[in-house]
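Some notes on the structure that comes next.
Every read-out reported here was derived from the displayed coordinates using simple, explicitly stated rules and does not represent laboratory data. Fair warning: this is a prediction, and the values are worked out from it, not measured in the lab. So basically every Cβ, Gly included, is an ideal-geometry build from the backbone, and we count neighbours across all protein chains shown.
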Amino acid sequence: MDDRGRSFADKLNKLFAIQLSTSGQEYSNEQVAAAITSRGEVTISQSYLWQLRKAKKDNPTVKHLQALAGFFGVPTSYFFDDATTDRVDAQLADLRAERARLQALTTQDDARLMAMRAGELSAHRRQQVMDLLDVVYQLERAERGESTPD
């Protein structure tokens with residue numbers, strides 16, 4: 001789908017949907033407003049965020065743009081430059097896929113058990129285990145026909 005010409009509200013809502021909290025949940029307007037306001041650079045209310053997200057308001061100040069971009073970890077130009085939006089959205093999609101992959105890996109009982117046992121090893125022994133895992137990982141990728149990272 002071509003997202004050219006998406007509205008500010010669409011772009012902001014996409015950030016809310018993709019950039020999840022540490023608990024894996026979408027941030028609420030209240031959480032974002034509180035986090036931005038607590039930084040002390042600009043005040044923003046949850047109701048104003050709601051209006052921006054519902055396209056009731058569509059012309060935020062530069063300070064609000066900067067604060068929102070900073071909170072979500074994107075360049076300010078994300079909101080007004082389609083090329084930047086496309087590039088950042090692709091990076092965020094890759095990041096989300098990697099997070100999902102890591103989440104799936106950490107929910108496997110055997111992977112958790114290995115991690116717990118590794119935590120009891122000395123730093124030197126942990127490094128040896130990591131070196132061994134790297135070799136096994138490369139073999140696994142080769143068997144699947146995947147290219148190995150440089």
- At 0.36 nm per residue, minus the direct Cα-Cα distance, what do E98 and R144 gain on full extension? Give it in nm, one decimal, please. 14.7 nm
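Loop-only GluC sites (Glu not before Pro) in segment 105-150, please: DSSP not H, G, I, E or B, and at most 14 other Cβ atoms within 10 Å.
Sites meeting the loop and neighbour criteria: E120, E146.
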- Based on Cβ point charges of +1 for Lys and Arg and -1 for Asp and Glu, what charge dipole magnitude is obtained for segment 44-95 about its Cα centre, in debye rounded to the nearest 20? 400
- Note on the structure: Excluding residues fewer than 8 positions from K14 in its own chain, the aspartates and glutamates with Cα under 20 Å of it are D2, D3, E26, E30, D58, D81, D82, D86, D89, D94, E98
- Message: Ranking request for peptides 125-137, 12-24: highest mean number of other beta-carbon atoms within 10 Å first, then the rest in descending order.
- Response: 12-24, 125-137
- Using 1/(1 + (r/R0)^6) with R0 = 41 angstrom and r between the beta carbons of A9 and S122, what's the FRET efficiency to the nearest 0.05? 0.15
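For segment 25-60, state which GluC sites (Glu not before Pro) are in a DSSP loop and have at most 14 other beta carbons lying within 10 Å of their beta carbon. All intermediate terms of the calculation are to be shown ahead of the outcome.
Numbers: sites: E26, E30, E41; in loops: E41.
Passing sites in segment 25-60 are E41.
What FRET efficiency comes out for the pair W50/T84, r = Cβ-Cβ distance, R0 = 30 Å, nearest 0.05?
E between W50 and T84, to the nearest 0.05, is 0.75.
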- Message: Just want to confirm a number: the relative contact order over the chain, from Cα pairs under 8 angstrom separated by 6+ residues, in percent.
- Response: 17
